[in-house]
Every structure is written in structure tokens, then in C-alpha cells.
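Visitor: If you scroll down you'll find the structure; I have some questions about it.
The values are calculated or read from the model by the stated rules, or taken from the named source; none is laboratory data. Keep in mind that what you see is a predicted model, and the values were worked out from it rather than measured. Cβ atoms come from the backbone with ideal geometry, glycine included; neighbour counts cover every protein chain shown. Quick note on the areas: whole protein, heavy atoms, side chains included, nothing else; ligands and nucleic acids left out. Shrake-Rupley method; radii C 1.70, N 1.55, O 1.52, S 1.80 Å.
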Amino acid sequence: MDGHFQAFTFVNRINALDPGISVRGKYFIPPNIKNFPQSLVAEAVGQLAAWGAMSAADFKCRPVAGIAGQIELLSPVRPGQTLELSVELESVDDEAAAYHGAASADGIPAIRLQNCVGPMLPVEEFDDPQSLREHFALLCAGGSTPGGFGGIPPLEFVRTGGEPGKSARATLQVPASAGFFADHFPRRPVFPGALLMNLNLQLAGALAVEIPMPDGGRWNLRTVSDMKLRTFIPPGEPLELEAKIGTQDENSALVIVETRKGKRLAGSARVLFSTEGNS
Amino acid sequence: MSNENITKEEIAAIFPKVAETMADALGCDVEKVKPDASLIGDLGAESIDFLDIIFRLERAFKVKIPRGKIVEEARGELSESQFESGGVVSDAGVARLKSFLSEVPADRFKTPLKSAEIPKLFTVETFCKMVIRQQRATAAAGGAKPA
């Protein structure tokens with residue numbers, strides 16, 4: 001097994017498809033993994049959107065990364081749960097796919113994505129179109145075998161500086177090889193934006209912990225907005241991560257996260273924490 | 001589609017909303033978004049930002065902007081071969097562009113002008129005009145009144 005449609009695939013079944021309009025699917029989170037972060041739940045919704053967009057484009061183009069206007073992080077999910085995924089395709093053409101979508105687990109909303117846009121690029125650059133067609137048919141016919149994902153690989157950033165409670169900087173060495181590269185993507189390995197988002201959220205969370213709270217409560221991660229991936233990150237790339245406080249009051253803190261590849265801004269997002277939900 | 005007869009007043013009416021939309025997309029202060037600012041040269045926009053801006057403008061103004069067709073529209077009645085050859089815009093093409101992009105200062109048109117560099121000419125006002133054209137098209141088609 002080479003990891004294709006396994007190592008970084010988060011759709012096991014497509015149970016409803018209105019071509020170019022909407023798509024519904026499922027993902028069975030393997031029970032034997034340590035955790036399944038919300039960034040991967042967002043990835044699952046994005047992958048379902050990609051299947052919907054690719055099928056609408058007859059597998060000539062596929063959406064790759066791009067923009068997520070808003071991701072509401074509603075509740076965590078656990079290994080062993082089944083994700084119910086839904087996507088409404090707002091438009092699909094040869095330049096971009098626009099969509100919104102959601103995921104829930106055991107009837108509880110987990111995540112909601114709005115104003116997402118994925119630039120459409122030639123499928124052939126990334127994967128074998130015929131393999132994609134066949135796998136899509138499998139997903140629609142009854143589904144793929146669950147359990148291909150072996151968990152988040154050990155990826156850690158190294159804090160390099162910043163000002164406590166105001167900013168945090170770190171470096172990340174993207175691995176030169178990892179199982180997920182075989183699936184993302186077979187013809188052009190790219191570091192998944194969802195893994196980058198997960199690390200950015202961890203850095204933003206580490207910064208949030210440093211913000212004093214009057215009642216000794218804690219900041220809760222609420223939304224990620226204006227997430228934008230500007231460039232492909234190949235295996236082995238060194239990255240610079242930065243999180244800095246944008247605005248803050250007693251009930252909320254907006255953290256701006258940026259990732260740089262050399263001097264170039266590779267990605268950015270705004271992460272909102274709030275005290276809402278503290279008991 | 002003609003961009004003629006777009007008045008300064010029409011542009012001024014939508015500019016604040018366009019500027020706010022662009023500032024949100026580019027993560028910059030709205031004060032930086034001047035009508036004559038070049039999106040690439042002055043505001044640092046990349047191709048993904050163009051896509052972001054267009055989708056945001058579509059949502060903000062409730063219009064459908066024909067993505068990827070900006071240059072095609074700019075070409076007007078000229079055929080592709082009349083407009084450019086070997087990736088370089090012809091004299092007739094440059095003349096057409098100067099008319100279509102009348103808001104762009106003449107000194108920003110390089111000689112020779114490569115087709116791939118046309119987006120570097122686009123200013124904030126270029127996008128204002130694009131929105132107005134689409135609002136007019138929507139209204140002409142019996143759609144919603146401009147937002």
C-alpha cells in the first residue's frame with residue numbers, strides 16, 4: 001500500500017451528490033489514533049468539497065488549498081466517531097471552486113466553514129485523473145475501507161522568540177519525507193495546509209495562555225478567519241511561524257498568525273479566542 | 001462590454017465599500033487603499049488575493065464578476081492575435097488597454113508590455129469599474145438593483 005487515498009484522506013463515503021451543487025459524505029475517524037484535531041475536520045470538509053468540484057469539472061481540475069473566510073470551531077471530535085460531512089458548492093469553474101460546508105459527529109456540530117475558495121489547478125499536476133475517477137466511483141458506490149489514516153505525524157515547532165502575551169515566533173522544519181506526502185499529493189508532494197493550520201493554532205494557543213485574565217479563566221478557541229494559503233510548501237522546507245495579538249479586550253483576543261517561507265508570506269489567518277464558555 | 005461613461009460619481013459611490021473589501025482581503029489598513037493604488041505594486045496583492053478580492057466583491061455587491069475574463073474584456077473587439085503576439089501586447093492592444101484602463105497612469109504602461117504583466121496595471125479603481133459594469137449588466141438583465 002503506497003498511502004494513496006489512505007494516509008491523508010478524510011472522506012470514506014459519498015452518500016449524496018447533486019452534481020456541482022451539493023455533496024454529503026462520511027468519514028470514520030480511526031479509533032486507534034491519539035487525537036483528531038479540528039484542523040483535520042476542516043480538511044475533511046475541504047476534501048469533500050474537492051470531490052464535488054472535481055466531479056463537476058470532469059476531473060480535469062481540482063481545488064487546492066486557497067482561502068477559508070471563516071471556520072467556526074464548534075466542538076472537538078474524538079477518535080472512533082463518525083463525521084457527517086456536508087458541502088454546498090456555490091460555484092465551480094475552471095478558475096475556482098467556492099463553497100461552504102460543515103461537519104458534525106454524533107449529531108453535534110463540530111465545525112462550520114464559510115466563504116471558502118479553492119483555486120482550480122490541473123488535476124494531472126497532482127494526481128492520476130483515472131485513479132481519482134475510480135476512487136470517486138468507489139466512494140459513491142459504497143465507500144472505501146476506513147482506517148487508512150495513522151494519526152498526526154510528530155511535527156513540532158521550536159519557539160525562537162517573541163514578547164510574552166504579545167507575540168510568539170517559532171521555526172518549523174517540514175519533514176523531507178512523511179507518509180502523508182504519498183497522498184498529498186502523489187505527483188506533487190505538498191505540506192498539507194491543515195497540518196500548518198494545526199501548528200499555527202498551537203502557537204496562537206501558546207500565546208493566548210500568556211495573556212492575563214482577570215478571573216483566572218482561560219481563552220477558548222472560537223473561530224479562524226481569513227485563512228489564506230499563498231504558496232505550496234514542499235517537503236523539507238524550513239518555515240517561520242509568528243503569532244501576534246491583533247486586538248484584545250477582557251472578553252476576546254484576536255491573534256494574527258503568519259507563516260513565512262524565506263521572505264515570502266506563505267500563509268496567514270486570524271484566530272479568535274474568547275472567554276465565552278468559561279464556567 | 002463597454003466601460004465607457006462610468007462617471008466619477010459612480011466610482012465615488014462604491015469606492016468606500018470596495019476599499020474596505022480590499023483592505024479585509026489584503027489584511028492592510030483601509031487608508032492604504034487609494035483609488036489609484038496598484039494592487040500588485042502598491043498593495044502587494046498576489047494571484048490568490050485577486051481571487052479573494054473578486055469573491056468578496058461578488059458577495060459585497062451581489063454581482064457575478066466574470067473571473068479570468070478581465071483581460072478578455074479589456075481586449076474588446078480585438079482578436080487574440082491582434083491583441084498580442086508571443087506574449088507581448090501589440091501596439092493596437094496597448095492602445096485598447098489604455099482606453100479600457102483609462103484610470104491607469106500612462107507611465108505605468110511599459111514598452112514592450114508583456115501580456116502576463118497586464119494584472120500589474122490594475123488599480124483599485126479598475127475593480128470599482130468592474131463592479132459598476134457588473135451592476136449595470138445585472139440591472140439590464142432585470143436583476144437586483146445595485147447594492
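Visitor: List the residues whose amide H sits under 5 Å from the amide H of residue B:45, counting only those 5 or more places along or on another chain, with H placed 1.01 Å from N in the peptide plane.
Guide: B:40
Visitor: Ok, one more. If you count only protein heavy atoms and use a 1.4 Å probe, how large is the accessible surface of residue A:60, to the nearest 10 Å²?
Guide: Accessible area, nearest 10 Å²: 130 Å².
Visitor: Continuing with this model, one more query. Please check: in the Gaussian network model of chain A (C-alpha springs, under 10 Å), which one of A:155, A:201, A:89 has the largest mean-square fluctuation.
Guide: Largest GNM mean-square fluctuation: A:155.
Visitor: Turning to a different aspect of this structure: Rounded, prolate or oblate: which fits the stretch A:1-152, taking a ≥ b ≥ c as square roots of the Cα gyration tensor eigenvalues, rounded meaning a/c under 1.5, else prolate when a/b beats b/c?
Guide: Working: a/c = 1.66, a/b = 1.21, b/c = 1.37.
Oblate shape, in that a/c is at least 1.5 and b/c is the bigger or equal ratio.
Visitor: Now a separate question. Heavy atoms only, probe 1.4 Å: what % of the accessible area of the stretch A:71-127 goes to carbon and sulfur, would you let me know? Intermediate values should be presented prior to the final figure.
Guide: Numbers: 1080 of 2260 Å².
Exposed carbon and sulfur together represent 48 percent of the surface.
Visitor: Charges at C-beta only: +1 for Lys and Arg, -1 for Asp and Glu. How large is the resulting dipole of the stretch A:100-148 about its Cα centre, in Debye rounded to 20? Intermediate results must be reported in sequence, preceding the final value.
Guide: Values: 2 positive and 6 negative charges, 59 e Å.
Computed about the Cα centre, the dipole is about 280 debye.
Visitor: Do you know the relative contact order of the stretch A:160-245, to the nearest whole percent, from alpha carbon pairs under 8 angstrom that are 6+ apart? Write out the running numbers ahead of the final one.
Guide: Numbers: 101 pairs, mean separation 45.9, N = 86.
Here the relative contact order equals 53 percent.
Visitor: Using only DSSP helix segments of four residues or longer, with each worth -39500 (n - 2.57), what per-residue ellipticity at 222 nm results for the protein assembly as shown after dividing by its residue count and rounding to 500? Could the numbers behind the result be given before it?
Guide: Values: 9 runs with 120 residues, N = 426.
For the protein assembly as shown, the value works out to -9000 deg cm²/dmol.
Visitor: Please report the relative contact order for chain A, taking Cα pairs under 8 Å with a sequence separation of at least 6, and give it as a percent rounded to a whole number.
Guide: Relative contact order, chain A: 19 percent.
Visitor: Same structure again: Here is the link list: B:8/B:110; B:17/B:62; B:8/B:62. Which ones come out longer than 18 Å on Cα distance? Could you put the intermediate results ahead of the total?
Guide: On the way: B:8/B:110 26 Å; B:17/B:62 12 Å; B:8/B:62 21 Å.
Violating the 18 Å limit, Cα to Cα: B:8/B:110; B:8/B:62.
Visitor: Hey, in the GNM for chain B with a 10 angstrom Cα cutoff, which one of B:90, B:99, B:79 fluctuates hardest?
Guide: It is B:79.
Visitor: In a Gaussian network model over chain A where Cα atoms closer than 10 Å are linked, find which of A:125, A:250, A:95 has the largest mean-square fluctuation.
Guide: It is A:250.
Visitor: Any chance you could give the angle, 0 to 90 degrees and rounded to 10, that helix B:8-26 forms with the longest Cα principal axis of chain B?
Guide: Roughly 90 degrees between the two axes.
Visitor: Same structure, new question: ³J(HN,Hα) across the stretch A:20-35 via Karplus (A = 6.51, B = -1.76, C = 1.60, θ = phi - 60°), whole Hz, x for Gly/Pro?
Guide: Once θ is set to phi - 60°, the couplings for the stretch A:20-35 become x, 10, 7, 8, 10, x, 9, 9, 9, 5, x, x, 9, 9, 6, 7 Hz.
Visitor: While we're on this one: Heavy-atom accessible area of residue A:88 with all protein chains present, probe 1.4 Å, nearest 10 Å²?
Guide: 60
Visitor: Given R₀ = 30 Å, FRET efficiency for residue A:93-residue A:2 by Cβ-Cβ distance, to 0.05?
Guide: Working from the Cβ atoms, E equals 0.40.
Visitor: What relative contact order, as a whole-number percentage, does the stretch A:1-159 give when Cα pairs under 8 Å and 6 or more residues apart are counted? Intermediate results must be reported in sequence, preceding the final value.
Guide: Values: 355 pairs, mean separation 48.5, N = 159.
The normalised contact order for the stretch A:1-159 reaches 30 percent.
Visitor: Same structure, new question: A plus B alone minus the pair: what accessible area, both sides summed, probe 1.4 Å, in Å² to 100? Provide the component values of the computation, followed by the final result.
Guide: Numbers: alone 12630 and 7860 Å², together 19230 Å².
Counting protein atoms only, the buried area is about 1300 Å².
Visitor: Is the shape of the protein assembly as shown rounded, prolate or oblate, going by the alpha carbon gyration tensor and its root eigenvalues a ≥ b ≥ c, with a/c under 1.5 for rounded and a/b larger than b/c for prolate? Let's see the in-between values first.
Guide: On the way: a/c = 1.79, a/b = 1.40, b/c = 1.28.
The shape class here is prolate.
Visitor: Using alpha-carbon positions, what is the distance between the centroids of the stretch A:133-170 and the stretch B:5-79, in Å?
Guide: Their Cα centres are 34 Å away from one another.
Visitor: Let me ask something additional. Provide the per residue accessible area, probe 1.4 Å, for the stretch A:112-191, rounded to a whole number of square angstrom.
Guide: Result: 49 Å² per residue.
Visitor: Another question, if that's okay. 5 Å is the cut-off here: which amide hydrogens, built 1.01 Å from N in the peptide plane, fall below it relative to residue B:88, excluding neighbours closer than 5 in sequence?
Guide: B:115
Visitor: Separate question: Quick check for me: using +1 on Lys/Arg Cβ and -1 on Asp/Glu Cβ, what's the dipole size of the protein assembly as shown about its Cα centre, in debye to the nearest 20?
Guide: Values: 45 positive and 53 negative charges, 30 e Å.
That gives a dipole near 140 debye.
Visitor: Enumerate the calculated ³J(HN,Hα) couplings along the stretch A:50-62 in order (Karplus 6.51 cos²θ - 1.76 cosθ + 1.60, θ = phi - 60°), each rounded to whole Hz, writing x wherever the residue is Gly or Pro.
Guide: Ordered by residue, 3J(HN,Hα) equals 5, 4, x, 6, 5, 5, 5, 9, 6, 6, 8, 10, 9 Hz.
Visitor: Cα gyration tensor of the stretch A:84-167, axes a ≥ b ≥ c as square roots of the eigenvalues: rounded (a/c below 1.5), prolate (a/b > b/c) or oblate?
Guide: On the way: a/c = 1.58, a/b = 1.52, b/c = 1.04.
Note, shape of the stretch A:84-167 comes out prolate.
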